[in-house]
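The values are calculated or read from the model by the stated rules, or taken from the named source; none is laboratory data. Keep in mind that this is a model prediction, so the values were computed, not measured. So basically every Cβ, Gly included, is an ideal-geometry build from the backbone, and we count neighbours across all protein chains shown. These accessible areas exclude ligands, DNA and RNA; they are computed on the full protein's heavy atoms, side chains included. Shrake-Rupley method; radii C 1.70, N 1.55, O 1.52, S 1.80 Å.
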Amino acid sequence: KQTQDVTIDHVKIASGPGMGVLAYGLKRGLALVNSQVQADEGLTGNPLSTNYDALHVLISGGDTLVRNNLFADQGDDAINLSAPQSPIVSVDEAGAGLTLSKYSRFLRAGQALTLVDPQGQVAGNATLAQGPLARGGLLNRVVVTPALPEAKAGWSIRSLALQGGRFDIEGNRFERFN
């Protein structure tokens, strides 16, 4: 089950080896408020707050609030908000059965899906009828209704339920980041 309604308030993250805050697969609701992701070289000897993103949100179906924080000294993005797509690996002849990779394990029956071509254009819509059924590694098989006969390997499926609802990013300070 996916986590939801997470609040991080008045937290200091100093010199972490990866990302400061990674929200991966939230059902809904994330608030990062009144916090700091900043190096504390005197304490840790590390001039970076994090080697990668200070805040990385990957798949959040709800609202995201990032307010009154200090982001400094990270090795990559200060804030990275990502709404992933699942690449199509193979399609059955009717276009109802799809084998997807990457983030397809987060899909759930009943979700509205959008078919996206390699140029980023919407090429069709369907509902997830069955799946995901694990096929090993990052691969999962799903069944969609109606079928998407125009779907091709190399295209992508995007779940509307996994797109962030609303974002409020205000009152933050950004210093010394790549």
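At full extension, Asp92 and Phe174 could sit 24.7 nm farther apart than now, given 0.36 nm per residue minus the alpha carbon distance. Farthest towards the positive end of the charge dipole of the stretch 1-76, among the residues Leu30, Thr50, Gln74, is the Cα of Leu30, using unit charges on the Cβ of Lys, Arg, Asp and Glu. Cross-link partners of Lys27 among aspartates and glutamates, defined as those whose alpha carbon lies under 18 angstrom from its own and excluding same-chain residues fewer than eight positions apart: Asp5, Asp63, Asp168. Relative intensity of the stretch 6-49 on a log10 scale, I(q)/I(0) at q = 0.13, 0.19 Å⁻¹, equals -0.33, -0.63, per a Debye sum over C-alpha point scatterers of equal strength in the absence of solvent.
The relative contact order of the chain, computed from alpha carbon pairs under 8 Å that lie at least 6 residues apart in sequence, is 23 percent. The chain gives an Rg/Rh value of 1.08, both radii derived from C-alpha positions and Rh following Kirkwood.
Suppose R0 equals 45 Å. What FRET efficiency, 1/(1 + (r/R0)^6) with r the Cβ-Cβ distance, do Tyr24 and Glu150 give to the nearest 0.05? It comes to 0.90. If the segment from Thr127 to Asn34 were pulled out straight at 0.36 nm per residue, it would be longer than the present Cα-Cα gap by 29.5 nm.
In this structure the chain gives 50 Å² per residue of accessible area when probed at 1.4 Å with all protein chains present. For Lys152, the aspartates and glutamates whose Cα falls under 13 Å of its own Cα, not counting residues fewer than eight places away in the same chain, are Asp92, Glu93, Asp117. For the stretch 1-151, with all protein chains in place and a probe radius of 1.4 Å, 50% of the accessible heavy-atom surface sits on carbon or sulfur. Annotation note: GluC sites (Glu not before Pro) in the stretch 76-178 located in DSSP loop regions with a Cβ neighbour count of at most 12 within 10 Å are Glu93, Glu150.
Rounded to the nearest 20 debye, the dipole size of the stretch 42-121 about its Cα centre is 240 debye, using +1 on the Cβ of Lys and Arg and -1 on the Cβ of Asp and Glu. Here's the list of aspartates and glutamates a cross-link from Lys12 could span, going by alpha-carbon distance under 14 Å and ignoring same-chain residues fewer than 8 apart: Asp40, Glu41, Asp73.
With helices as the sole contributors, the chain gives -500 deg cm²/dmol at 222 nm; each DSSP H run of n ≥ 4 counts as -39500 (n - 2.57), and the sum is divided by every residue.
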